[in-house]
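Enquirer: This is the structure I want to talk about, given as structure tokens.
None of the figures in this text is laboratory data; all of them are computed from the coordinates on show. These numbers come from a predicted model, not from an experiment. As a convention, Cβ positions derive from the backbone with ideal geometry for all residues, glycine included, and neighbour counts pool all protein chains shown.
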Amino acid sequence: MGIRYKSTRGDSLITASEAIIRGIGENGGLYIPEAIPKIDKSLQELKGLSYSQLCFYILKMYLTDYEDSELKDCIEKAYTNKFDAEDIVPIKKCGDAFFLELYHGPTLAFKDMALSILPHLLKTAAKKNKVDKEIVILTATSGDTGKAALQGFADVAGTKIVVFYPENGTSEIQKRQMVTQKGKNTLVVGIEGNFDDAQNGVKKIFADNEYKNLLNSNNYILSSANSINIGRLLPQIVYYFYGYLKMLKQNSIKEDEKINIVVPTGNFGNILAAYFAGKMGLPVNKLICASNENNVLYDFINTGIYDTKREFKVTCSPSMDILISSNLERLIYYIGGENKDKVSDLMGKLSRDGKYEINTDMKEALKDFFSGFADDRQTKATINKVYKDFDYVIDTHTAVAYHVYQNYIKETGDAGATIIASTASPFKFTRSVCSSLGLETEGSDDFQLVNKLSQNTGIKIPDAVNSLDKMEIIHKKTCSIADMKKCLSEFLKV
């Protein structure tokens, strides 16, 4: 029968394709595979595979109701020459750290790695399940998911995509990438609030059965492109294996040697993919969770208390300006003995009280993780240091990860081989990167700073931002948190 999927808060089992269509699980939970599969080939056998071949090998284990030909077709359409690196994910060695460059896709962020394939997986799933309604992709973004999802779903037949983003919570380049998006099936709305507000608003719409029935009667069904959708999460597992296999190929590590993986983390999806990779058989020593000043995950990993009742801070790493990390629910399910009632209880406490505390056994299960955080000053100093030491430019989110990695070495003495998930191009956050490198930013807009960054570092300007400032602004709509559903209804004419 193959692997089926269930909600972290329910018992019903469904196929992979059904889980991808639905997005959010039973009782508001998140879909997870009934079992995490193990790799059945040695790492030596796998190291000769291309990115697409490795992607097929790993996803085939999870998406068992997809025919081989269907899955290969999805992969072929996803990882094309729209990535500006032939091998899709280059890896750059700096000291003992290996920067896994996940930003060579069309929107210059790691979200492209999964959102290039999700539209094809979803379209195939709809066909397999004889879905005759239009699928409405409803997404909240802290900056990167929005553009990557818009890019993936624009003008895809049978879909509409609606993205809500914090009006004053993204970089200028992130915002411009979204509001210039073409496509008759796209809507982008800035909300008067932060990412958590946008995400909570989207979750409320998903949980509103009366509204979903109204959409259903108008021939629409809702789905998601956030990493709450299992179809977004699973493709992210692939690049951790790929990075390890590249290191193996270059003789930078020995076969089965354990490595550390550092991930700058907001919504917990990207580090959860690394956790899945470890459970599948990737030799992982520590998963290092790097936060900015919104360090709710740092506190959770170190104390077992998840407490969102704190000041929300706007930082120079805006994609991590998040206090409610949705994907943590999946980890809670696993470390809590796969107990749906325990998950429901803790998520209920989070919803009611804004906090919860896990028990002693669950705290013990967090020993696979190390956590740290960086403030804006430390983040900018790290960008400067990496450039001086290695002639290598990183963005603010990657800098948070590198700073935490340096602290990990100081605290543990473990300077073993380490992958750092480099999640965005420095050209998405030019103001912060330029000022970190000592370049004058006063009086220049973010697009002038793109040229300045290129001229001073010798790095070619990526096509995705080269003429962004000349593009027409198409989406000008803003709304209050209370009016998100109304905006959606107006767009869908229901």
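Enquirer: Provide V263, V494 in ascending order of the number of other Cβ atoms located within 10 Å of each residue's Cβ, fewest first. Walk me through the intermediate numbers first.
Expert: On the way: V263 28, V494 13.
Fewest to most other Cβ atoms nearby, the residues stand as V494, V263.
Enquirer: Considering Cα pairs under 8 angstrom that are at least six residues apart, work out the relative contact order of the stretch 312-470 and quote it in whole percent. List each step's numbers first, then the result.
Expert: Working: 137 pairs, mean separation 26.1, N = 159.
Value for the stretch 312-470: 16 percent.
Enquirer: Give, in whole angstrom and from largest to smallest, the semi-axes √(5λ) of the equivalent ellipsoid of the stretch 149-298, with λ running over the eigenvalues of the Cα gyration tensor.
Expert: Numbers: eigenvalues 238, 68, 54 Å².
Whole-Å semi-axes of the equivalent ellipsoid: 34, 18, 17.
Enquirer: Could you sort the peptides 328-340, 434-446, 199-211, 106-118 by per-residue average Cβ neighbour count (10 Å cutoff), highest mean leading?
Expert: Values: 328-340: 18.8, 434-446: 15.4, 199-211: 16.9, 106-118: 27.8.
Order by mean packing, descending: 106-118, 328-340, 199-211, 434-446.
Enquirer: In the structure shown, do any of K313/K452; K342/K367; K47/K279; K349/K493 have a Cα-Cα gap over 26 Å, and if so which?
Expert: On the way: K313/K452 28 Å; K342/K367 20 Å; K47/K279 19 Å; K349/K493 36 Å.
Going by Cα-Cα distance, K313/K452; K349/K493 fall outside the 26 Å limit.
Enquirer: When a/c is below 1.5 the answer is rounded, else prolate if a/b is larger than b/c, else oblate, so apply that to the stretch 338-438 with a ≥ b ≥ c taken from the square roots of the Cα gyration tensor eigenvalues.
Expert: On the way: a/c = 3.08, a/b = 1.89, b/c = 1.63.
Since a/c reaches 1.5 and a/b is larger than b/c, the shape of the stretch 338-438 is classed as prolate.
Enquirer: Continuing with this model, one more query. Given Cβ point charges of +1 (Lys, Arg) and -1 (Asp, Glu) and nothing else, what value in debye, to the nearest 20, does the dipole of the chain about its Cα centre take? Don't jump to the answer; show the numbers that get you there.
Expert: Values: 61 positive and 62 negative charges, 131 e Å.
Computed charge dipole of the chain: roughly 620 debye.
Enquirer: Ranked highest first by the average count of other Cβ atoms within 10 Å around their residues, in what order do 380-387, 38-45 fall?
Expert: Ranked by mean Cβ neighbours within 10 Å, highest first: 380-387, 38-45.
Enquirer: Between the alpha-carbon centers of the stretch 45-68 and the stretch 244-305, tell me the distance in whole angstrom.
Expert: So the separation of the two Cα centres works out to 21 Å.
Enquirer: Here's something else I'd like to know. Is the stretch 1-116 rounded, prolate or oblate when judged by the Cα gyration tensor, a ≥ b ≥ c being the square roots of its eigenvalues, rounded requiring a/c under 1.5 and prolate requiring a/b larger than b/c? List each step's numbers first, then the result.
Expert: On the way: a/c = 1.81, a/b = 1.65, b/c = 1.09.
It comes out prolate by the Cα gyration axes.
Enquirer: Assign unit charges at the C-beta atoms only (+1 for Lys and Arg, -1 for Asp and Glu), then state the dipole size of the stretch 75-171 relative to its Cα centre in Debye, rounded to the nearest 20. Each step should come with its number before you reach the end.
Expert: On the way: 12 positive and 12 negative charges, 95 e Å.
Approximately 460 debye in magnitude.
Enquirer: Next question, about the same structure. How do Y244, Y402 line up, fewest other C-beta atoms within 10 Å first?
Expert: On the way: Y244 28, Y402 25.
So the residues, fewest neighbours to most, are Y402, Y244.
Enquirer: Antiparallel DSSP bridges in the chain: what percent, to the nearest 5?
Expert: On the way: 12 of 48 bridges.
Of all bridge pairs located within the chain, approximately 25 percent are antiparallel.
Enquirer: Using θ = phi - 60° and the Karplus relation 6.51 cos²θ - 1.76 cosθ + 1.60, list the HN-Hα couplings for the stretch 44-49 in order, rounded to whole Hz, with x at every Gly or Pro.
Expert: Karplus values, whole Hz, x for Gly and Pro: 4, 5, 7, 5, x, 7.
Enquirer: Run the simple label-point estimate for T80 and E411 please: 7 Å along Cα→C-beta, distance reported in nm.
Expert: Between T80 and E411, the label points sit 4.5 nm apart.
Enquirer: What percent does the relative contact order of the stretch 413-494 come to when contacts are Cα pairs within less than 8 Å and at least six residues apart? All intermediate terms of the calculation are to be shown ahead of the outcome.
Expert: Details: 27 pairs, mean separation 16.0, N = 82.
The value is 20 percent.
Enquirer: Shifting gears a bit: Quote the relative contact order of the chain in percent (integer), defining contacts as alpha-carbon pairs under 8 Å separated by 6+ residues.
Expert: 18
Enquirer: Order of S326, S52 from fewest to most other C-beta atoms within 10 Å? Walk me through the numbers on the way to the answer.
Expert: On the way: S326 20, S52 16.
The fewest-first ordering by Cβ neighbours comes to S52, S326.
Enquirer: FRET efficiency for K477 and S42, Cβ-Cβ distance as r, R0 = 35 Å, nearest 0.05?
Expert: Working: r = 53 Å, r/R0 = 1.51.
Approximately 0.10, to the nearest 0.05.
Enquirer: Looking at the stretch 416-494, which trypsin sites (Lys or Arg not before Pro) are DSSP coil and have at most 15 other C-beta atoms within 10 Å of their C-beta?
Expert: Values: sites: K428, R431, K452, K460, K470, K476, K477, K485, K486, K493; in loops: K460, K476, K477, K493.
Of the trypsin sites (Lys or Arg not before Pro), the ones in loops of the stretch 416-494 whose Cβ has at most 15 other Cβ atoms within 10 Å are K460, K476, K477, K493.
Enquirer: Work from the charge dipole of the chain (Cβ charges, +1 for Lys and Arg, -1 for Asp and Glu, about the Cα centre) and give the residue of I335, A78, Q455 farthest towards its positive end.
Expert: A78
Enquirer: Here's a follow-up. Find, to one decimal place in angstroms, the Kirkwood hydrodynamic radius of the stretch 253-345, where the mean of 1/r is taken over every pair of different Cα atoms and then inverted. Show your work: numbers first, answer last.
Expert: Working: mean 1/r = 0.0695 Å⁻¹.
Result for the stretch 253-345 stands at 14.4 Å.
Enquirer: Still on this structure, please answer the following. For the stretch 306-311, take each phi angle, set θ = phi - 60°, evaluate the Karplus expression 6.51 cos²θ - 1.76 cosθ + 1.60, and give the result in whole Hz per residue in order, putting x for glycine and proline.
Expert: Rounded to whole hertz, the list is 9, 10, 8, 7, 7, 5.
Enquirer: A further question follows. Once you have the Cα-Cα distance between K249 and D361, take 0.36 nm times their residue separation minus that, and quote the gain in nm to one decimal.
Expert: Numbers: separation 112, 0.36 × 112 = 40.32 nm, distance 3.85 nm.
Stretched fully, the K249-D361 segment lengthens by 36.5 nm.
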